[in-house]
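The values are calculated or read from the model by the stated rules, or taken from the named source; none is laboratory data. Everything numeric here is computed off the predicted structure, so don't read it as measured data. Reconstructed Cβ throughout: ideal geometry from the backbone, glycine too, with neighbour counts over all protein chains shown. Surface areas here come from the heavy atoms of the whole protein model, side chains and all, with no ligands, DNA or RNA. Shrake-Rupley method; radii C 1.70, N 1.55, O 1.52, S 1.80 Å.
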Amino acid sequence: MAWALADRPEQLDAAIAARPALISISFGPPESYVGRVRQAGIRVTAQVGTVEEARRAEAAGVDLVVARGAEGGGHGRGEVATLALLQSVLDAVAVPVVAAGGIAGPRGLAAVLAAGAVGAWVGTALLGCTEAGTSATARRRLFDAAETATAYGRVFDVAQGLRWPAEYGGRALRNAFFDAWHDRLDELAENADAAEQLRQARAAEDYDTAVIYAGEGVGLLRSERSVAEVLAEFGRAEDLLRRF
Ligand SMILES: Cc1cc2nc3c(=O)[nH]c(=O)nc-3n(C[C@H](O)[C@H](O)[C@H](O)COP(=O)(O)O)c2cc1C
């Protein structure tokens, strides 16, 4: 999270020390950090939600950009949907482009590969996996959720006093807490009771109040599977592409 690195530069040091194949620096200007990652011999990317962000990331020296549309789960921009964003970003930058947001199975992967993406970046599709840290209660909610079950906003960040920049909201399963506060954010920021309610709900796994981050692809999750099974199913994108 680029916005957090200014105060916590040791987070990037720790990420570099772990020697991953790729480091993603998103949600804020990446230029102060990209050089250090590259000098360490590690590839670097940024998730972008607009063409302007994509151009800025490319100019900063990222190896690839992730065009991440508003359907995606967790944090990101909520302005442009994946397909429209992907087409514009592919036209705007020369570095490889990975697509993200709402890609939860082989059909979605085939679609973005056909458009020119080099791959897909996936979050929600893995949330129900055996290997995920998702609690049993949250998992059930995810499997019951339709594609219409998510909402985008800043409620959960404001309630917890997290300093996410306003343009990076979060997409999560819509619940009673979100509905109660989404149009009263200023009031929520001052409300210590609501913050405490959220903290207790998280401990009690009460997801009418606590947040479960997920994107619109949640409608495709039906039952618990291993990551290997989910990835094998993504592999069917090849068969779909061969039909043309
Ligand atoms: C539960 C959850 C946690 C996430 N945490 C992070 C994170 O820590 N850092 C990050 O860059 N993106 C995070 N994301 C966003 C993903 O990197 C990605 O943009 C998104 O999952 C893609 O859309 P999809 O959920 O429709 O697959 C998270 C997404 C989810 C669903």
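Taking each residue of segment 62-81 that is free of Cβ contacts under 8 Å to residues at least 60 places away in the same chain and looking for partners that are aromatic (Phe, Trp, Tyr) and within 10 Å of the ligand (Cβ to nearest atom) with beta-carbon atoms closer than 6 Å, six or more apart or interchain, yields Val66/Trp121.
Taking the stated definitions as given, is Phe234 away from the ligand (no atom under 15 Å from the Cβ), open to solvent by less than 60 Å² (accessible area, probe 1.4 Å), outside the structural domain of Trp121 (by TED's automatic domain parsing) and among the hydrophobic types (A, V, I, L, M, F, W, C)? Can you show your working first?
Values: away from the ligand (no atom under 15 Å from the Cβ): no; open to solvent by less than 60 Å² (accessible area, probe 1.4 Å): yes; outside the structural domain of Trp121 (by TED's automatic domain parsing): yes; among the hydrophobic types (A, V, I, L, M, F, W, C): yes.
Against the criterion (away from the ligand (no atom under 15 Å from the Cβ), open to solvent by less than 60 Å² (accessible area, probe 1.4 Å), outside the structural domain of Trp121 (by TED's automatic domain parsing) and among the hydrophobic types (A, V, I, L, M, F, W, C)), Phe234 does not qualify.
Could you please find all residues in segment 216-244 being in a loop (DSSP other than H, G, I, E, B) and farther than 16 Å from Ala132 by Cα? Step through it out loud before you land on a result.
Step one: list which residues in segment 216-244 are in a loop (DSSP other than H, G, I, E, B), which gives 221-226, 235-236, 243-244.
Gly235, Arg236, Arg243, Phe244, listed by residue number.
Of all residues in segment 169-186, those being of a type outside the set (D, E, K, R), part of a loop (DSSP other than H, G, I, E, B) and either in contact (Cβ under 8 Å) with a residue 40 or more places away in the chain or open to solvent by 20 Å² or more (accessible area, probe 1.4 Å) (or both) number 1. For segment 1-36, a residue qualifies if it is part of a helix (DSSP H, G or I) and away from the ligand (no atom under 13 Å from the Cβ), and the qualifying residues are Glu10, Leu12, Asp13, Ala14, Ile16, Ala17, Glu31, Ser32, Tyr33, Val34, Gly35, Arg36.
Scanning segment 75-134 for residues that are of a type in the set (S, T, N, Q), within 24 Å of Arg236 (Cα to Cα) and within 14 Å of the ligand (Cβ to nearest atom) turns up Thr82, Thr124. Checking each residue in segment 68-82 for being open to solvent by less than 40 Å² (accessible area, probe 1.4 Å) and farther than 17 Å from Gly28 by Cα picks out Glu71, Gly72, Gly73, Thr82.
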